[in-house]
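Data first, discussion second: the structure below is written as structure tokens.
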Amino acid sequence: MSEEPAATAMDRHETLTVGLIVERRKAKSVWQDFVWQPVEVVTVIPPLAPWSVMREEGGTTRFFAGTFTMELFKNETVSYRMNLVAERPGIYVVLREDSSAPHGMAVALVSPSPADAEAYMEGGQAVVERVPMPPEIGAWLDAYVAAFHVDEQFRKRRRGRDKPQSGSLR
């Protein structure tokens with residue numbers, strides 16, 4: 001007789017569907033029309049179509065950008081742990097201009113990993129922002145880190161191991 005795993009056991013590759021709320025404000029610049037800002041990640045998904053207007057007032061429009069799947073991977077637990085112990089844990093959101101997307105903006109990433117977000121900062125073409133992490137996502141992420149994080153022991157390198165051996169080709 002085989003036993004089934006407990007219902008609360010976490011999978012090595014966890015996913016969570018979240019909703020994203022973003023704002024578009026009139027820019028005070030001659031070089032761009034709007035400034036986009038991720039505002040909130042929610043776990044209770046509103047019954048709205050992606051890119052629905054939630055509210056408009058004074059040159060600011062708030063959109064429900066849609067639902068997105070956050071993925072967790074066991075080899076990224078160090079990054080998740082850094083986020084959880086930060087003064088203000090967050091979810092990182094990356095927006096990119098895309099002329100084929102609604103309102104000219106597309107969501108490229110929603111992740112609890114600061115390392116994932118950092119990869120998008122290099123080109124300077126994306127909006128990369130941290131929004132507050134909802135407590136229920138924090139609890140989910142904390143449980144994942146507790147289940148899969150393994151501290152790696154520091155190993156000191158030996159001197160001279162990176163030098164070529166005598167008699168080797170130059």
Residue pairs, Cβ under 9 Å, 6 or more apart or interchain, first in segment 61-74 and at positive phi, second part of a strand (DSSP E or B) and surrounded by fewer than 17 Cβ atoms within 10 Å (Cβ to Cβ). List them. Gly66/Ser52
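In segment 22-33, which residues are surrounded by fewer than 17 Cβ atoms within 10 Å (Cβ to Cβ) and within 25 Å of the chain's Cα centre (by Cα)?
Matches in segment 22-33: Arg25 only.
Restricting to segment 115-127, name every residue that is open to solvent by 30 Å² or more (accessible area, probe 1.4 Å) and farther than 12 Å from Val22 by Cα. Quick ask: steps written out before the conclusion?
Filtering segment 115-127 for residues open to solvent by 30 Å² or more (accessible area, probe 1.4 Å) gives 115-116, 118-125, 127.
Residues satisfying the conditions are Ala115, Asp116, Glu118, Ala119, Tyr120, Met121, Glu122, Gly123, Gly124, Gln125.
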Does at least one position in segment 77-90 carry a residue that is assigned to a strand (DSSP E or B) and either open to solvent by less than 80 Å² (accessible area, probe 1.4 Å) or free of Cβ contacts under 8 Å to residues at least 40 places away in the same chain (or both)? yes
In the set Ala65, Ala146, which member is small (Gly, Ala, Ser), at pLDDT 95 or above and either out of contact with any Asp or Glu (no Cβ under 9 Å at 6 or more places or on another chain) or not in a helix (DSSP H, G or I) (or both)? Ala65
Output the qualifying pairs, or none if there are none: Cβ atoms under 8 angstrom, residues six or more apart or on different chains, first residue in segment 115-139 and within 17 Å of Met70 (Cβ to Cβ), second residue part of a helix (DSSP H, G or I) and among the aromatic types (Phe, Trp, Tyr). Val128/Tyr120
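The values are calculated or read from the model by the stated rules, or taken from the named source; none is laboratory data. This structure is a prediction, so every number in the text was calculated from the model and none was measured. Positions of Cβ are backbone-derived with ideal geometry, glycine not excepted, and every protein chain shown enters the neighbour counts. Side chains are part of the model used for accessible areas, which takes the heavy atoms of the whole protein and leaves out ligands, DNA and RNA. Shrake-Rupley method; radii C 1.70, N 1.55, O 1.52, S 1.80 Å.
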